[in-house]
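The values are calculated or read from the model by the stated rules, or taken from the named source; none is laboratory data. None of these values were measured; they are calculated from a predicted model. Here the Cβ positions follow ideal geometry from the backbone for every residue, glycine too, while neighbour counts run over all protein chains shown. Surface accessibility is based on the protein's heavy atoms, side chains included, excluding ligands, DNA and RNA. Shrake-Rupley method; radii C 1.70, N 1.55, O 1.52, S 1.80 Å.
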Amino acid sequence: MNRDVLAAITGYHMVRPGELVLCALSGGADSAAMTDWLWRQRQRLGIRVAAAHFIHGLRPGDADRERELVEDFCRARQIPLQVGQGDTRAYCSRHGCGEEEGARALRYAFLQQCADALGAQRIATAHHLEDNAETVLLNLCRGTGLNGLGGIPPVRGRLIRPMLFVTRDEIEKYLAQNHIRYVEDPSNGD
């Protein structure tokens with residue numbers, strides 16, 4: 001995993017020395033691995049790391065447990081953490097969209113607000129190789145042009161995706177090797 005993430009970061013010029021990188025940290029495997037990796041490599045890359053955790057209001061029974069895990073994770077590494085929440089269902093009702101689309105819109109708006117408030121130059125999300133393949137397949141099913149066939153871009157504005165060339169299996173091995181706890185979102189299997 002180390003080689004692939006480093007190659008993506010350098011090959012796509014994702015960060016520059018001195019920049020603050022805000023990590024989207026759900027507490028799941030992908031975001032925990034990404035945030036930990038960036039934190040461990042912060043001196044090598046010359047960056048600072050912060051994290052943002054958004055509570056969507058879709059699984060209230062799990063939200064407290066996930067928030068506590070994220071808070072413990074960041075406290076152990078002395079990573080500054082921003083926490084926010086929203087009502088995804090109310091947003092979807094107002095905007096006539098599905099829950100996934102509404103959750104994404106609220107999450108990205110929160111990430112942008114946090115990045116602006118902290119002065120972060122980059123926002124890192126933990127999309128990985130399988131996410132990219134899934135995106136391409138969904139785009140094909142919907143009917144897409146050339147842009148959709150390209151999948152998830154490694155860099156889009158200040159959004160970066162350093163894990164885009166890493167498999168889920170590699171992520172899970174990294175987490176096990178480094179004894180990193182994470183939560184499993186039951187909706188990931190959908």
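Side notes on the structure shown:
- Within the accessible area of the chain (1.4 Å probe), percent carbon and sulfur: 49
- Residue order by solvent-accessible surface for S31, S26, S93 is S93, S26, S31, largest first, with ligands and nucleic acids left out and a 1.4 Å probe.
- Once backbone amide H atoms are built at 1.01 Å from N, V83 has H53 as its partners under 5 Å, excluding neighbours fewer than 5 places away on the same chain.
- Taking amide hydrogens as placed 1.01 Å from N in the peptide plane, the amide H of V49 sits under 5 Å from those of V21, each at least 5 positions away in sequence or on another chain.
- Legend: translational diffusion of the range 1-61 by Stokes-Einstein, Rh = Kirkwood radius over C-alpha pairs, 10 °C, 1.306 mPa s; D = 126 µm²/s.
- From the coordinates shown, semi-axes √(5λ) of the Cα gyration tensor in Å corresponds to which of [x] 51, 19, 15; [y] 24, 21, 17; [z] 36, 27, 16: [y]
- For the chain, the per residue solvent-accessible surface stands at 54 Å², with DNA, RNA and ligands left out and a 1.4 Å probe.
- With R₀ set to 35 Å, the beta-carbon distance separating R42 from E100 gives a calculated FRET efficiency near 0.65.
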